[in-house]
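Scroll down for the structure; my scribbles are underneath it.
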Amino acid sequence: MTRAAIVAAPRRPTRQIMVGNVPVGGGAPISVQSMTTTKTADVEGTLSQIYALAAAGADIVRCTCNEPEAAEGLARIVPRSPVPLVADIHFHVEMALAAMEAGVACIRLNPGNLRKPEEIKLVASEARDRGIPIRIGVNAGSLHKDLYKKYGGATPEALVESALMELGYFQEVGFDYVKISVKASSVPLMIEAYRQLADTVDHPLHLGLTEAGPPPAGLIKGTAGIATLLAEGIGDTIRYSLTADPVEEARAGRQLLEAMNLRERKGLDLIACPSCGRAEIDVIGVAREAQRALESRNLPIQVAVMGCVVNGPGEAKEADLGIAAGKQRGHLFIKGQIVRVVPEDEMVEALVAEAEKIVAEGIEARLAAADRHAEAEAEADRRALLEAKGGDANMSEQRVELIRKKLGS
Ligand code: SF4
């Protein structure tokens, strides 16, 4: 089976909506979202963040529309944005209407905050007439108080019922061009709410764990929730909610989808061995240096940094390109095949140069250009290392002898 064929469970079939030119659901690629942290009235500042988010992998960006100046800002931002924009609406029906007037591609309504049925229906009617989708964005922290009372708290059932109530109002005016989210800050609660929702409706789902906090804990929590659902085939668009520069959210979303084979690789995937007693180099240092150099060149390639030539090339043979440390030398390998042996202090430089050539010429061409003496040189290094270190990389028998001597046992 090829790597690309190994994916999560089959995607849950859903309807499809269009957020501007980005399809969501209905088998479309899972999209990455993030949200600006600037004042939307600050047109230049917001646009510069939107561009940074798009460059980091965001397909769709949300901006708050909480005051008239924000709606005016949106009117100026929309025509210059590289990605479709969603307006985030909490309390003010007028802001939803103004955002649509500004030309946004989607509206997010929080059913817990905009509660009057006639106002909800007014927004839905306007969206229906304009052909704009709405995200029903339920949030456990701002759940409708009647539902909170009914269920004795923010339970998965309560979150799902909140979404269905909102959908019911929409349907009364003949509108159901929606995607839905049922976010919570608790991973198990969020997972269960989405599972129940997925069993109940066929609308596309926007996944997210809300208020996840700063990285790395926020990343771990977000990944635990989002990846679990994606692996079950649930989810059509995702957002990490991190207390950090939103660029990190977009990057994390993109990296998660690439790691799960749910989106084509757009950026670098650097893998590195954890290092052990066999390591011939400072694996962490070299991996960091390689990551910095390769990321700055934005090469869509999987690269491995391995601490020793005894196990490295074999363990990382799936990688497009890798380097393993030998006796003061680096073994450069492509798909597990040694193509060149370079001095240790040129390892990163050689890795970057080869990565650029692979991206420009392709793997087959670079394999064909391999140094034909490389395999023999590499084999000599491997043998020398095995002789020096033997099968016991941590030299445990010598250590035991030493301890015995010291203890006189
Ligand atoms: S055996 Fe070699 S490749 Fe594997 S962890 Fe140790 S140093 Fe890294």
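Structure notes:
- Within region 109-164, the set of residues being in contact with a strand residue (DSSP E or B) (Cβ under 8 Å, 6 or more places away or on another chain) and of a type in the set (D, E, K, R) comprises just one member, Arg135.
- Here is the figure for region 330-347: residues that are more than 18 Å from Ile284 (Cβ to Cβ), within 15 Å of the ligand (Cβ to nearest atom) and touching a Gly at 6+ places or on another chain (Cβ under 6 Å) total 1.
- Residues (more than 16 Å from Leu294 (Cα to Cα), small (Gly, Ala, Ser) and within 29 Å of the chain's Cα centre (by Cα)) located in region 318-343: Ala324, Gly336
- Selection status of Val138, buried (at least 16 other Cβ atoms within 10 Å of the Cβ), assigned to a loop (DSSP other than H, G, I, E, B) and within 26 Å of the chain's Cα centre (by Cα): no
- At least 1 residues being acidic (Asp, Glu) and either in contact with a strand residue (DSSP E or B) (Cβ under 6 Å, 6 or more places away or on another chain) or more than 16 Å from the ligand (Cβ to nearest atom) (or both) is the threshold, and among the strands (runs of 3 or more DSSP E) wholly inside region 262-329 those reaching it are 269-272.
- Selected residue (criterion: surrounded by the most Cβ atoms within 10 Å (Cβ to Cβ)) from residues of region 306-336 that are among the β-branched types (Val, Ile, Thr) and free of Cβ contacts under 8 Å to residues at least 40 places away in the same chain: Ile323
Values in this text are rule-based calculations from the coordinates and carry no lab data. Keep in mind it's a predicted model, so treat the numbers as computed, not measured. Cβ atoms come from the backbone with ideal geometry, glycine included; neighbour counts cover every protein chain shown.
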